[in-house]
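One structure is given here, and the rest of the page talks about it.
Values in this text are rule-based calculations from the coordinates and carry no lab data. Every value quoted in this text rests on a predicted model; they were computed, and no experiment measured them. Methodologically, a virtual Cβ is constructed for each residue, glycine included, from the backbone with ideal geometry; neighbour enumeration extends over all protein chains shown.
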Amino acid sequence: MRYRGHGADVDVYALGREECPLVSECKSRKAGGGFVQLERWLGENDLLFLRRDHAEPLVLLPWRVWARLLAKVRP
């Protein structure tokens, strides 16, 4: 769904409907191109922090961890 005309794929109201949503983008690849290396780096860990020089860090987490976090913060 679009949030206020934004071209993102999904609005996530993780903090409740009264709060601004987390505007998110969804990507998928049939052969997993680009994802395989990320999955290797993540391994059996819960989170993967990524940082390119002079760029804002990124956080990658598996769905199981995301669901656990949502269960804790949802009102």
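Residues in the range 47-75 that are of a type in the set (Val, Ile, Thr) and without any contact (Cβ under 8 Å) to a residue 12 or more places away in the chain: there are none.
Looking only at the range 37-66, filter to residues that are out of contact with any strand residue (DSSP E or B) (no Cβ under 7 Å at 6 or more places or on another chain) and surrounded by 11 or more Cβ atoms within 10 Å (Cβ to Cβ); which one of those is nearest to residue 13 (Cα to Cα)? Step by step, filter the range 37-66, then rank; the result is 66.
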